[in-house]
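First comes the structure, then the notes that go with it.
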Amino acid sequence: MFATRRLPGPALDELAAECDVDVWSDRMPPGADALADRSAAADGLVCLLTDRIDGALLARCPRLRAVSSVSVGVDHVDLAAATARRIPVGHTPGVLTETTADLAFALLLAAARRVVEGDRFVRGGEWAPERVWEPDMLLGRDVHGATLGVVGLGAIGQAVARRAAGFGMRVVGWSKTPRAVPGVASVALGALLAEADFVSVHVALTPETRGLLDADAIARMKPGAVLVNTARGGIVDETALAAALASGRLAGAGLDVFAREPLDSASPLLALPNVVLTPHIGSASEATRAKMATLAIRNLQAALAGHRMPHCANPAVYER
Ligand code: NAP
């Protein structure tokens, strides 16, 4: 078994008691060749979202019988290529839902109430005696009573909607598969963008959702709205978003994910004071990362023992 990184919690050590475990010990992820070379010697691969598992890699690993990602999103894995090889791909839904929803709401609140700008203001020494308190200092947007638009009513989208109810928000939601969610009014995506004061993105990244919030969609957002993205960067056109934020048409954004990670130092988003940026830490709590590791190892153990993975992202491998 090859694991592309050390994982939090005891799961990898427990697995090492059962089988040979090769763990990539560098802080940086393995490059494409190292990934292929080490995976080629393994029956099972535990990977992260930083590892590109494509058809070319799988072709170099004829021995590989299972791939298990320590993530719920699997856009870094070519599921069609894995399915063609009848390799099940595990992922970790459920255990990170609430933790990721917490971060989405933290970004929403921080962007709405300009928390990070306020922090910079204090640390930067601008809160000087002659500026003790001003009626129009760092005015933000009210969250209570505002309308939240949830793009993608999957597990995390629904968890964000539950939090919004506690803040007295009205919640509208759009999902490809229509679904009745308590407290959420189902609307078309266009109506959501036009009505929502806050838009929070929670769809998986797929060929269909890549660029879902393109320049046109961003132009249809309500003036003064705030965009939050904790799903995947490729869903949002970052250039159009940066332009809308720079012009003041959008009030702010809270972003945990980016089209390219780490965020390019030339990104226009970095120069904008009204954007709150976090480095893809949606699921990053101690407890949740340990649960994700445990689930990923359970997926791998099941597959290598010839059983169905508890959480398989390409269940077609089990169809005859
Ligand atoms: P989930 O319960 O599976 O929900 C996935 C959502 O994506 C559903 O609303 C689904 O809509 C939608 N979707 C899938 N394919 C679509 C398509 N072709 N067109 C339109 N919508 C589509 O997953 P989740 O646990 O809520 O996670 C959602 C995403 O959040 C993950 O895929 C991952 O990329 C991201 N995430 C990020 C972090 C982070 O660290 N920032 C942490 C966890 C998750 P239907 O049900 O209608 O198909």
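Using a 1.4 Å probe and counting only protein heavy atoms, arrange Asp33, Asp256 so the residue with the most accessible area comes first.
Asp33, Asp256
Using only the Cα atoms of region 175-320, build the gyration tensor, take square roots of its eigenvalues as a ≥ b ≥ c, and label the shape rounded, prolate or oblate: rounded if a/c is under 1.5, else prolate if a/b is larger than b/c, else oblate.
It comes out prolate by the Cα gyration axes.
Asp264 to Leu139: extension gain in nm, 0.36 nm per residue of separation minus the Cα-Cα distance?
On the way: separation 125, 0.36 × 125 = 45.00 nm, distance 2.96 nm.
So the chain would gain 42.0 nm between Asp264 and Leu139.
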Accessible surface of Met137 - all protein chains present, 1.4 Å probe, nearest 10 Å²: 50
Degrees separating the helix 155-166 axis from the principal Cα axis of the chain, which is the longest one: 30
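For the chain, give the share of DSSP beta bridges that are antiparallel, in percent and rounded to the nearest 5; count only bridges with both residues there. Kindly include the intermediate steps, with their values, before the conclusion.
Numbers: 1 of 36 bridges.
Antiparallel bridges make up about 5 percent of those DSSP assigns within the chain.
Which FRET efficiency, nearest 0.05, do Glu208 and Ser186 yield, Cβ-Cβ r, R0 22 Å?
Details: r = 19 Å, r/R0 = 0.86.
FRET efficiency, Glu208 to Ser186: 0.70.
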Part-to-part distance (alpha-carbon centres) for region 143-213 and region 295-320, which is given in Å: 31
Most to least accessible of Ser265, Ser25, Ser68 (protein chains only, probe 1.4 Å): Ser265, Ser25, Ser68
Cα-projected label distance for Asp22 with Arg86, points at 7 Å along beta-carbon direction, nm: 2.4
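Determine the order of Val46, Val122 by accessible area, beginning with the largest, at a probe radius of 1.4 Å. Mind dumping the intermediate values first?
Values: Val46 5, Val122 80 Å².
Ranked list, largest accessible area first: Val122, Val46.
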Crossing angle, helix 97-112 versus the chain [Cα axis fit, 0-90 degrees, rounded to tens]: 30
Accessible surface of the chain [probe 1.4 Å, protein heavy atoms]: carbon and sulfur percent: 55
Heavy-atom surface of the chain, accessible at 1.4 Å and reported per residue (Å²): 48
Gyration tensor verdict on the chain (Cα atoms; rounded if a/c is under 1.5, prolate if a/b is larger than b/c, oblate otherwise): prolate
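Relative to the Cα centre, what is the charge dipole magnitude of region 97-277, using +1 at the beta carbon of each Lys and Arg, -1 at the beta carbon of each Asp and Glu, and rounding to the nearest 20 debye? Spell out each step's value before the answer.
Numbers: 17 positive and 19 negative charges, 91 e Å.
Dipole magnitude for region 97-277 comes out near 440 debye.
The values are calculated or read from the model by the stated rules, or taken from the named source; none is laboratory data. Keep in mind it's a predicted model, so treat the numbers as computed, not measured. A quick note on method: Cβ atoms are made from the backbone with ideal geometry, for glycine too, and the neighbour counts reach across all protein chains shown. Accessible surface is based on the protein model in full, side chains and every heavy atom, while ligands, DNA and RNA are left aside. Shrake-Rupley method; radii C 1.70, N 1.55, O 1.52, S 1.80 Å.
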